[in-house]
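Asks: Okay, handing you the structure first.
The values are calculated or read from the model by the stated rules, or taken from the named source; none is laboratory data. Keep in mind the model is a prediction, meaning the values are calculated, not measured. All Cβ positions, even for glycine, are placed from backbone atoms using ideal geometry, and neighbour counts span all protein chains on display.
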């Protein structure tokens, strides 16, 4: 599974070929070059539940740029899995 030093070095066509449901998100998120905006939410939305949970867990939803996603990509994000409580807690501080 891909986890280190890869995200910024990948071309768009290479990102398209990745099976994003098989990424080690916990490992990848510890790397400075990992960018959650690269995640293919279409692949995540059809992955097994525990794999979806791992992807949603590593995203910093407070700083996630929804504007960088197409309308089609946004449709694949399950808002029930977004950690809004963390966002609101950070907004209060």
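Asks: Only residues that are at pLDDT below 85 and either in contact with a helix residue (DSSP H, G or I) (Cβ under 8 Å, 6 or more places away or on another chain) or within 19 Å of residue 24 (Cα to Cα) (or both): list them for the range 80-93, please. Explain how you work it out, then say what you get.
Replies: Initially, the range 80-93 is screened for residues at pLDDT below 85, giving 83-93.
Passing the criteria: only 83.
Asks: Could I ask something else about it? Inspect all residues belonging to the range 52-60 and state whether any of them is part of a helix (DSSP H, G or I), at negative phi and exposed (fewer than 10 other Cβ atoms within 10 Å of the Cβ). Spell out the reasoning first.
Replies: At the first step, the residues of the range 52-60 found to be part of a helix (DSSP H, G or I) are 52-58.
After this cut, where a residue has to be at negative phi as well, the list is 52-58.
Narrowing further to those that are exposed (fewer than 10 other Cβ atoms within 10 Å of the Cβ): none.
No, the range 52-60 has no match at all.
Asks: Could you identify the single residue in 77, 44 that is assigned to a loop (DSSP other than H, G, I, E, B) and at pLDDT 90 or above?
Replies: On inspection, the qualifying residue turns out to be 77.
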